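Have a look at the structure below, then the notes.
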Amino acid sequence: MSGYPMTSTAEQVDRLAAWEDREAVLHKVVPYVGLGVGALLTTAAPAPVGLSLVPDLLVAAAAACWIAWFVNLHPEWVTRRALMAVYYVGLLAFGAVLVLDSPWYGFFAWAGFVHAVLLPGNWRFAGVAASAVLAGTAQGGGVPSSLSHGVLWLVLVAFNLGVAGAVTWFSTINDRQHANRKRLVEELAEANRRLAETMRENEGLHAQLLAQAREAGVTDERQRMAREIHDTLAQGLTGIITQLEAAGQARDRRSDWQRHVDNAIALARESLTEARRSVRAVRPEALESVRLPDAIAELTRRWSTINEVRAEVSVTGDARPLHPEVEVTLLRAAQEALTNVGRHAKASRVGLTLSYMEDVVTLDVRDDGVGFDVTGRPAVPGSDGGYGLTAMRQRVAGVGGELAVESEPGGGTAVSASVPALSGGAC
Ligand SMILES: Nc1ncnc2c1ncn2[C@@H]1O[C@H](COP(=O)(O)OP(=O)(O)O)[C@@H](O)[C@H]1O
Ligand SMILES: [Mg+2]
């Protein structure tokens, strides 16, 4: 959290609170200091008239108790304005008794200036005026007894009123600004708190997004593995089983039996090689050294020999190297389409056409076999196979292409993969 401006806001809140504490100490200490100094000087040099020492000190002690009860022992009363007015009137009364008793208590009259802020609104100026009268009287040595003393008294009261009134006026404005500043700082702290909360929420969302992205990655990889297993191991095993079944049926004819067994062994070797390559994410061996049209022609020739079905390959357009991923997609599509013909079609002829156009390259595989109901196929592959066309569609879509399958029972099948003609190493 140290990176956010929160710290500085918290510091400001602390600083304002410390300032308020200091001010509160002033309020709680000044009256006692004035009272103490007044009592001390009165004891040392008593006024010619007035109370004798013991009652004087008793009044001073009562004044101290009055202040202690309202200010020090019940600090929470500071917000109760009416109660504070009662307190202030009491304070003035004690001040008046003490000042009239001994002018030395003029020091105590200062408490009236300091505590005037406890009064509501403009009443604090009335408090200041009353305190100025007390202070002026004390400074003049008591209640005026002659005209000249009266004039002096007026000057003293006016001076006290002017100075204390101005100070109170400025401190009132200062208080207002202080309250505003405090409110702003608190608002800022609240905004910072919300910002921090939002950041925390964002971090949560970010983690959630990462988890989702990871899950999506896992799903992608699982699909890729499923396709690879289907296109290498499952296809290979299908071919091997077909060859071994044929060998079983040709047990009496030694040469046919040998041919089927050899085919099965060759298929097993190829499948193993392909499976190893796909584990290492290397492109198929068929595309390693030859170009796509030749790889498809070779694949078809071998398929035709093994399955004993006539098959032709034709290439149109400008046969050029394509991006490896696109070539693998088309080769796998040809493989799966031919495997399907061998497994399901009972066809007598198959034709493959590879067409290089300007923007797209298409591979069509047509057979004249039994066909099937394209619309009746389940959308989700079943456990007994049925993943080949799905895998083919995923692969083709993965490079930005489309797959179309046309077929009807008795009408043969046409599989057409159309992919963007991305040139070799283009992405
Ligand atoms: N050339 C075809 N001729 C006849 N039926 C086909 C052909 N291609 C596919 N099919 C039908 O479509 C189904 C789904 O094919 P596919 O997704 O490759 O799964 P699988 O070959 O494992 O059964 C096949 O089971 C088959 O019924
Ligand atoms: Mg299949």
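The values are calculated or read from the model by the stated rules, or taken from the named source; none is laboratory data. Here the structure is a predicted model, which means the values were calculated and not measured. Backbone-built Cβ (ideal geometry, glycine too); neighbour counts: all protein chains shown. The protein model used for the area step is the full one, side chains on, heavy atoms only, and it has no ligands, DNA or RNA in it. Shrake-Rupley method; radii C 1.70, N 1.55, O 1.52, S 1.80 Å.
Please work out which residue is most open to solvent (accessible area, probe 1.4 Å), limiting yourself to the stretch 322-355 and to residues that are more than 10 Å from ligand 2 (Cβ to nearest atom) and small (Gly, Ala, Ser).
Of everything passing the filter in the stretch 322-355, Ser348 is most open to solvent (accessible area, probe 1.4 Å).
Applying the selection to the stretch 134-152, what residues are part of a helix (DSSP H, G or I) and open to solvent by 60 Å² or more (accessible area, probe 1.4 Å)?
Listed by number, the residues that qualify are Gln139, Leu147, Ser148, Val151, Leu152.
Quick check on this structure: which one of Leu233, Leu209 is surrounded by fewer than 16 Cβ atoms within 10 Å (Cβ to Cβ) and within 16 Å of ligand 2 (Cβ to nearest atom)?
Only one candidate passes the filter, namely Leu233.
Listed residues Ala295, Ala275; which is crowded, with 20+ Cβ neighbours inside 10 Å, under 54 Å from the mean Cα position of the chain (by Cα) and assigned to a helix (DSSP H, G or I)? Spell out how you get there, then give the answer.
On the way: Ala275 fails: crowded, with 20+ Cβ neighbours inside 10 Å.
On inspection, the qualifying residue turns out to be Ala295.
Tally time: how many residues in the stretch 278-292 are open to solvent by 30 Å² or more (accessible area, probe 1.4 Å), in contact with a Pro (Cβ under 9 Å, 6 or more places away or on another chain) and part of a helix (DSSP H, G or I)?
0
Given the criteria within 24 Å of Arg393 (Cβ to Cβ), under 52 Å from the mean Cα position of the chain (by Cα), touching a residue at least 24 places away in the same chain (Cβ under 8 Å) and part of a helix (DSSP H, G or I), does Thr300 qualify?
no
Please find, within the stretch 405-426, the residue that is nearest to ligand 1 (Cβ to nearest atom) out of those that are within 14 Å of Met392 (Cα to Cα) and not aliphatic (A, V, I, L, M).
That would be Ser416.
Can you say whether Gly239 is within 16 Å of ligand 1 (Cβ to nearest atom) and not in a strand (DSSP E or B), as far as the supplied structure shows? Steps first, answer last, please.
Details: within 16 Å of ligand 1 (Cβ to nearest atom): yes; not in a strand (DSSP E or B): yes.
Yes; evaluated as a whole, the condition is true for this residue.
Working only within the stretch 334-355, note down all residues that are within 11 Å of ligand 1 (Cβ to nearest atom), among the aliphatic types (A, V, I, L, M) and assigned to a helix (DSSP H, G or I).
Ala337, Leu338, Val341, Ala345
Is it fair to say Leu292 is away from ligand 1 (no atom under 16 Å from the Cβ) and in contact with a Leu (Cβ under 8 Å, 6 or more places away or on another chain)?
Yes.
Being touching a Gly at 6+ places or on another chain (Cβ under 6 Å) and of a type outside the set (A, V, I, L, M) is the filter here; which residues of the stretch 113-147 pass it?
Ser131, Gln139, Pro144, listed by residue number.
Mind counting the residues in the stretch 139-156 that are under 15 Å from Trp110 (Cα atoms) and modelled with pLDDT of 90 or more?
Residues in the stretch 139-156 being under 15 Å from Trp110 (Cα atoms) and modelled with pLDDT of 90 or more: 1 in total.
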